[in-house]
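What follows is a short report on a single structure.
The values are calculated or read from the model by the stated rules, or taken from the named source; none is laboratory data. These numbers come from a predicted model, not from an experiment. Here the Cβ positions follow ideal geometry from the backbone for every residue, glycine too, while neighbour counts run over all protein chains shown.
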DNA sequence: CAGTGGTCTAGACCACCTT
DNA sequence: AGGTGGTCTAGACCACTGG
C-alpha cells in the first residue's frame, strides 16, 4: 500500500519477479521509476526500501494550470495582449529563428485562487501557429498547441533568477514597488529538441517557490 | 566525435551492438545516459540523433566549488562562524531531530573570483560530526564530511525563493540594501534518504542563476 | 558467506515512423 | 512494408552489505 512506514524493506527483486510472473529486468525497470519518483531507495547488497516522505518531487515540465493544482490552488488567466510582432535579437536567439522573423506574443496575467501569481510572456514562431491570436487564450496554451497545431512540448531549458520588479510589473502583480520576484526563462523543445516556444514568467516572490530533488551523479 | 552536427543520426542500436560486440540492452543503457545528459535525443521508429547544444544540463547535486568551476569562476571561502547550538524548531524539522538536539552551525561567505557570491549557513547534527568546529573549514565541506566522517550526501531536496536582502546580508554580499537575492534551502540526504545536512544559501541576484532542463513525464 | 542490488547477454515481439 | 526504438524474457556473473 502507499502508506507503508519509511525504511520498510520491499520484497527482493527476484521475489517480486517470481511472484508476479515477470522477468527481473522488468521489475527493475518499475523500481527505477519508483526510485526516480522518490518513492523508494535502494542500497546495493542490502535491499530496496520505502523512502521517507519528501517535500519535493523531482522536477518535471508542467503547465501553469498543472503546477497550481498541485499546490491546491485554482488557476485562472487574464489575457493582456496577443499579437504578431518581429522576433528581435533576444527572442530570435532563444527560438533559433531570424531576428526579423514573425513571432506571436501572448501576454497573460495568471491568477491562483483569484489573485495574481505571475506575469507570463509567451513567444511562438508565427509560422508554427497560424491564426493563434484568434483562438481562446484563457485556458491551457500547451493543450491548445497540442490539439490545434500538433505542437507537443517534450522538454524545456529553464533559467531561474531573482529580480527587482519595476512599476508596471508590481502594479499588475499587486505588490509594492521594489519587491523582488522570481523570473523563469523557458525555452520549450519538441521531441526533436527543436525550440518551439520561448516564455518568460515573473512570479510573485511572496507566493511562489520552486521545489525539486537533485541527485549526485556517479562519476 | 563530440562535435557532430546536430540532428545527425547515430548508427542504429543493433548496429552499435553488433559492431562493438555488446548486447543491445547494454547499448540502450549507454544511450539512456547520453539522453539524460542532453547529448542525444531519440525518436521511436526513426532513430537516435545528436542533440542541438543546450545552455543547461540536467540539474545535479554539486558543491559550491564544483558549481563555480563549472561557471569558470574561482571559488573561495571566508569563515564567519562555526559553533554548536540548539537546533530549534525549524532546523530540527528539516533535519528530523529533536528541537533541543545539538547541531553544528557553519556560516561562510563564499566568493567567486575574489568577490562575494553567496552567504551559506550549514547545519549538521552534532553527533554525526564530532569536533567539526576544530577542522579546517575553508575548503569543501562535502569532501571533509566524506573523508573525515564517512558521511556521504547522495541527494538533496531544494526549495528556491526570491527574497529581499536585509541590511546585514546586503553588507556582507556587497550589494545595495533592498536588493533581491536568491535563497536556496537544501536538505542533504544520505544513501538511506536520511537527512544529514540542512543548508540555507543566499545568492546575489546579479551574479547567480540556476539553469536546468526539465522533461515531460509520460502519463 | 549467503543474499542483495547492479550489470550484462541473446533473443523475441510490439509500437511507431518513414517511404 | 521494412526498419527503428521500446519493452520484455530467462538466465548469468559481479559488487556490495551485513550478520
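Observations, loosely collected:
- Answer residue from region A:64-103, given it is within 12 Å of another protein chain (Cβ to nearest Cβ) and closer than 30 Å to residue B:195 by Cα and is surrounded by the most Cβ atoms within 10 Å (Cβ to Cβ) among those: A:67
- Qualifying positions in region A:39-63 - within 8 Å of another protein chain (Cβ to nearest Cβ) and either crowded, with 17+ Cβ neighbours inside 10 Å or more than 30 Å from residue A:141 (Cα to Cα) (or both): A:41, A:43, A:49, A:51, A:52, A:54, A:56, A:59, A:61
- Taken together, the residues in region A:122-136 that are outside any strand (DSSP E or B) and over 18 Å from residue A:147 (Cβ atoms) amount to 2.
- Residue count for region A:189-210 under the criterion of being facing chain B (nearest Cβ under 10 Å), assigned to a strand (DSSP E or B) and under 22 Å from residue A:154 (Cβ atoms): the result is 3.
- When region A:166-188 is filtered for residues that are in contact with a helix residue (DSSP H, G or I) (Cβ under 7 Å, 6 or more places away or on another chain) and in a loop (DSSP other than H, G, I, E, B), the ones remaining, listed by number, are A:176, A:177, A:179.
- Within region B:70-96, restricting attention to residues that are under 21 Å from residue B:158 (Cα atoms) and free of Cβ contacts under 8 Å to residues at least 60 places away in the same chain, the residue that is nearest to the chain's Cα centre (by Cα) is B:70.
- When B:145, B:172, B:132, B:124 are screened for being modelled with pLDDT of 90 or more, farther than 30 Å from residue A:207 by Cα and away from chain A (no Cβ under 13 Å), only B:132 passes.
Yes or no, residue by residue, for (1) at positive phi; (2) more than 16 Å from DNA strand C (Cβ to nearest atom):
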{"residue": "B:27", "(1), (2)": "no, no"}
{"residue": "B:35", "(1), (2)": "no, no"}
{"residue": "B:44", "(1), (2)": "no, no"}
{"residue": "B:61", "(1), (2)": "no, yes"}
{"residue": "B:83", "(1), (2)": "no, yes"}
{"residue": "B:96", "(1), (2)": "yes, yes"}
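- Scoring residue A:108 on the criteria (1) farther than 28 Å from residue B:163 by Cα; (2) outside any loop (DSSP other than H, G, I, E, B) leaves a single failure, condition (1).
- Cβ-Cβ contacts under 9 Å between residues 6 or more apart (or on different chains), taken from a first residue in region A:43-55 that is touching a residue at least 40 places away in the same chain (Cβ under 8 Å) to a second residue that is within 10 Å of DNA strand D (Cβ to nearest atom) and outside any loop (DSSP other than H, G, I, E, B), are listed as A:49/A:43.
- Taking region A:16-25 as the range and being near DNA strand D (Cβ under 7 Å from one of its atoms), more than 31 Å from the chain's Cα centre (by Cα) and at negative phi as the test, the residues that pass are A:22, A:23, A:24.
- Filter pass, residue A:32 being surrounded by fewer than 16 Cβ atoms within 10 Å (Cβ to Cβ), within 13 Å of DNA strand D (Cβ to nearest atom) and facing chain B (nearest Cβ under 9 Å): no
- Number of the exception - residue B:152 against (1) over 14 Å from residue B:63 (Cα atoms); (2) in contact with a helix residue (DSSP H, G or I) (Cβ under 7 Å, 6 or more places away or on another chain); (3) within 16 Å of DNA strand C (Cβ to nearest atom): (1)
- Residue B:106 more than 14 Å from every other protein chain (Cβ to nearest Cβ) and within 30 Å of residue A:159 (Cα to Cα): yes
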